[in-house]
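Coordinate-derived values only; no laboratory data. These numbers come from a predicted model, not from an experiment. Cβ coordinates were reconstructed from backbone atoms using ideal geometry, including for glycine residues, and neighbour counts include every protein chain displayed.
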Amino acid sequence: MNRSAFSNDTVIDNTIKFVKESLRYAEGGHDWFHIERVYKNALSIAKYEKVDVFIVTLGALLHDIADSKFHQGDESIGPKKAKAFLQTQGVDESVIQHIENIIRFISFKGEIGLAKGSPRFNSKELDVVQDADRLDAIGAIGIARAFNYGGFKNRAIYNPAIKPNTQLTKEAYKKSTAPTINHFYEKLLLLKNRMNTETGKKIAQERHQFMELFLDQFYKEWEGQ
C-alpha cells in the first residue's frame, strides 16, 4: 500500500540517493556499502517473514544514517535525521515513527544491561533489519569491519594482558578502547545467539564458525606457529 505522496519505489530511490550522499565520507565499516549489504540481507530474510517490505527497506537503508559513535555518542541524531528526510518524501507519520524506532532499538549496545521490563520497541520489521545488520557484523565481512574500525580508532590489534570483559555496562562498552580481538568476545561471538529469525540464525551459524576458525589461526600465528 502506498503511504506516501510519492510511490514507494520513488521513496526508496530517493532514500538510496540521500544515504549515499550522507555517508560519502563515512568510515569504511559504516559507509554506503555497509548499508547496501544490510539492505540486501534484509530483503533476503524478509522473503521468509510476514513483514511490511517497505518498512524493512527504509529501516535497512536508514539504520546507520547517523551512527552515535560518530556523533559524540548522541543516539538521537539518527532517528531525527531519518524523520526529517522521510517527511520531505511525504511518508505517512506512522511509518516514520516505525523507522525511528528501528533506528533507536537496532543496536547491540542498546541491549547491554537492559533491565527486565525496560521500555522496548518490538516489531517483525525490526527483527529482520536487526538480523540483517548483525549478519554484517560477523563472518568474513565482520572481521574486516572490526579491524577497519580498530585501525580507524588507532586501537591495538591484540594485547594478551588486556582480557575481554563480557560484563560491560552500556556506557563502558561505548567508551571502550580495548584491542580489536577483545571485540570478538564482547560482541561478535555473542550475535549468533541473538538472532531473531530462523533465516538469520541459519546464516549466522556459518559466519560464526568462520570467526572461530579465524581466531584459532590468529592465536597460532601470534605464538609463531
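Estimated from helices alone, the mean residue ellipticity of the chain at 222 nm is -18000 deg cm²/dmol (sum of -39500 (n - 2.57) over DSSP H runs with n ≥ 4, per residue). Note on K220: aspartates and glutamates with a C-alpha under 14 Å away, same-chain residues under 8 apart excluded, are E212. Near K124, which aspartates and glutamates are there with a Cα under 16 Å away, not counting those fewer than 8 places off in the same chain? Output for K124: E49, D52, E100, D133, E198. Where is the GNM fluctuation largest for the chain (alpha-carbon springs, 10 angstrom cutoff): N196, N165, N182? Comparing N196, N165, N182 in a Gaussian network model of the chain, the most mobile one is N165.
Within the same chain, aspartates and glutamates fewer than 8 places from K163 are excluded, and of the rest, those with a Cα less than 12 Å from its Cα are E186. Mean-square fluctuation check for the chain, GNM, Cα pairs under 10 Å: which of L43, L58, L168 is largest? Greatest mean-square fluctuation among the candidates belongs to L168.
If a/c stays under 1.5 just call it rounded; otherwise compare a/b with b/c (prolate if a/b is bigger, oblate if not). Do that for the chain, with a ≥ b ≥ c from the square roots of the Cα gyration tensor eigenvalues. Because a/c hits 1.5 or more and a/b exceeds b/c, the chain counts as prolate.
Rounded to the nearest 20 debye, what is the charge dipole size of segment 8-222 about its Cα centre when +1 sits on each Lys and Arg Cβ and -1 on each Asp and Glu Cβ? Walk me through the numbers before you get to the answer.
Values: 31 positive and 28 negative charges, 125 e Å.
Result for segment 8-222 is approximately 600 debye, rounded to the nearest 20.
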